[in-house]
1. Exactly one of (1) touching a Gly at 6+ places or on another chain (Cβ under 9 Å); (2) within 28 Å of Ala290 (Cβ to Cβ) is unmet by Gly419. Its number?
2. Just give me the residues in the range 351-383 being among the small types (Gly, Ala, Ser) and farther than 22 Å from Ala301 by Cβ, in sequence order.
3. Going by the structure shown, is Ser358 modelled with pLDDT under 80, assigned by TED's automatic domain parsing to the domain that holds Ala416 and among the hydroxyl-bearing types (Ser, Thr, Tyr)?
4. Please specify each residue of the range 266-305 satisfying the condition of being small (Gly, Ala, Ser), modelled with pLDDT of 85 or more and not in a loop (DSSP other than H, G, I, E, B).
5. Any residue in the range 354-369 that is more than 24 Å from Asn285 (Cβ to Cβ) and hydrophobic (A, V, I, L, M, F, W, C)?
6. Scan the range 424-432 and tell me whether some residue there is in contact (Cβ under 8 Å) with a residue 24 or more places away in the chain, crowded, with 24+ Cβ neighbours inside 10 Å and in contact with a helix residue (DSSP H, G or I) (Cβ under 8 Å, 6 or more places away or on another chain).
7. What are the pairs with Cβ atoms under 6 angstrom where one residue, in the range 232-245, is within 8 Å of Pro374 (Cβ to Cβ) and the other, located anywhere, is among the acidic types (Asp, Glu)? Sequence gap at least six, or different chains.
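The values are calculated or read from the model by the stated rules, or taken from the named source; none is laboratory data. Note that the structure is a prediction, hence the values are computed from the model and not measured. All Cβ positions, glycine included, derive from the backbone under ideal geometry; neighbour counts span all protein chains shown.
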Amino acid sequence: MIRIAQSRTRRGERGITVAFVAVSIFALVGMAALAIDLVTLYVAKSQAQRVADAGALAGAKTLVERGITADPLNTQGSWAASCVQATAQARNIANRGRIGGVAPLSVTPQFCSGGACGAGCPAPGGVGTGFGVNPQVQVAVQSVPLPLFFAKIWGSGTATVRATGYAEGFNPSSTNVPVAAKCVTPWLLPNLDPATGVSIFNEGNGNLANNQPSTPGNTQGLVGRGIQLATGCPGGCSVTMNNPVSGVGPPFTLDYYPLDLPNPAASGPSCSVGTTYQQNITACNPTPLACGQTVDLDLSAGPANVGNNQVAIDCLIGAAAAGLGNGQDTINAASFPFQINAGSNHNGVAVGTQVTTSRSVVTIPVYHSVPGAPPATTAVEVIGFVQAFVDSVNPVTLEPTIYILNVSSCSASARASGGPAVGLGEGSPVPVRLIHP
């Protein structure tokens with residue numbers, strides 16, 4: 001009787017095992033479904049953040065290259081035009097990104113000041129000097145509804161992800177933060193505005209002075225000013241050098257001095273040939289220069305090399321010959337903000353298209369100088385940078401004509417600090433960086 005009862009009990013438990021297995025399989029499938037969909041959303045979130053960051057960086061970079069940060073007094077009534085350009089570029093770059101394989105559903109750029117962000121650009125003078133010197137851009141993106149493969153079991157077939165990126169154009173002028181830049185063009189400029197004969201910035205506190213954008217009737221404006229450069233070493237830099245200002249304009253003439261940079265880039269455009277100095281003109285030299293650093297003049301860059309230098313400058317800007325209209329990009333500096341348009345040698349872009357990156361945009365170091373006097377020695381101290389657009393090579397002098405786009409400086413305390421410099425990985429004197437408010 002006992003054996004019969006045990007046999008019956010075992011036969012009754014067989015169905016319970018099957019039920020346990022079925023429930024376990026269902027739970028495992030549910031967890032797998034949840035894991036797959038969570039990974040899908042996690043990847044999409046990461047993609048959305050990259051898209052938002054790229055848009056914010058593009059918007060801030062556009063403001064920087066339009067000279068916004070060199071107008072600390074917010075004196076210009078051109079913010080609307082600047083923001084139109086920055087907004088368009090932020091949307092353009094963000095819309096090229098992909099979230100889950102498709103472009104974002106929405107891209108919303110905003111501009112920030114004092115921790116508050118809003119549509120449109122802050123009114124000049126209405127937000128103090130903070131926005132003008134260090135403009136901040138916020139870009140919010142939202143994905144299209146993304147399909148969920150297994151979560152449909154619970155009635156949810158799609159989901160959207162959102163992300164917000166913040167970027168800032170940081171001008172270290174008037175701060176104790178040293179700045180550095182790489183890919184600098186090997187020309188040294190004095191701290192001198194050739195139109196006014198006064199300093200570009202205060203070498204003690206690093207304050208920018210009279211740098212609001214140049215406009216008709218505004219003779220104090222440096223940003224946008226056209227300058228014809230001329231070598232300050234007509235007989236070679238081992239002999240007496242010229243005074244920095246050698247003429248009047250417009251375009252105003254200013255002497256520059258060749259910079260000795262070792263180890264030019266191993267690769268550059270196919271037209272990058274000649275001496276080390278000439279290759280440093282055409283190709284990006286990876287050596288960063290920092291405020292407070294002492295640099296040497298290039299004693300080999302004498303008058304005999306002017307013709308070769310002209311070839312190097314044409315290679316830099318993509319011009320077929322000296323003068324305007326030879327395939328290089330062009331700049332419209334008649335009004336602020338400035339507009340850079342593609343030339344026929346700007347690869348992949350139709351002639352006349354407005355562009356935000358150009359081979360003609362260069363960074364030039366500024367050295368410690370006595371107003372109106374040449375360098376006292378062949379070793380000088382870097383105290384700041386200007387960002388400039390190389391318009392062309394003058395067909396008569398074979399020297400470059402430039403337009404100033406932006407200015408940054410380091411105070412005396414920043415130069416002496418010896419601390420880490422910002423912008424070491426960038427070619428711009430006003431670094432553009434992601435921030436986290």
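1. It fails just one condition, (1).
2. Gly352, Ser358, Gly372
3. When the stated conditions are applied, Ser358 does not pass them.
4. Within the range 266-305, just Ala290 meets the criteria.
5. No.
6. Yes, some residue in the range 424-432 is in contact (Cβ under 8 Å) with a residue 24 or more places away in the chain, crowded, with 24+ Cβ neighbours inside 10 Å and in contact with a helix residue (DSSP H, G or I) (Cβ under 8 Å, 6 or more places away or on another chain).
7. Gly232/Asp255; Asn242/Asp255; Pro244/Asp255
A quick yes/no check of all residues on (1) closer than 26 Å to Asp193 by Cβ; (2) assigned by TED's automatic domain parsing to the domain that holds Tyr256; (3) in contact (Cβ under 8 Å) with a residue 12 or more places away in the chain; (4) crowded, with 22+ Cβ neighbours inside 10 Å:
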position	(1), (2), (3), (4)
Leu316	yes, yes, yes, yes
Ala320	no, yes, yes, no
Thr330	yes, yes, yes, no
Asn341	no, yes, yes, no
Ala350	no, yes, no, no
Thr353	no, yes, yes, no
Ser369	yes, yes, yes, yes
Thr377	yes, yes, no, no
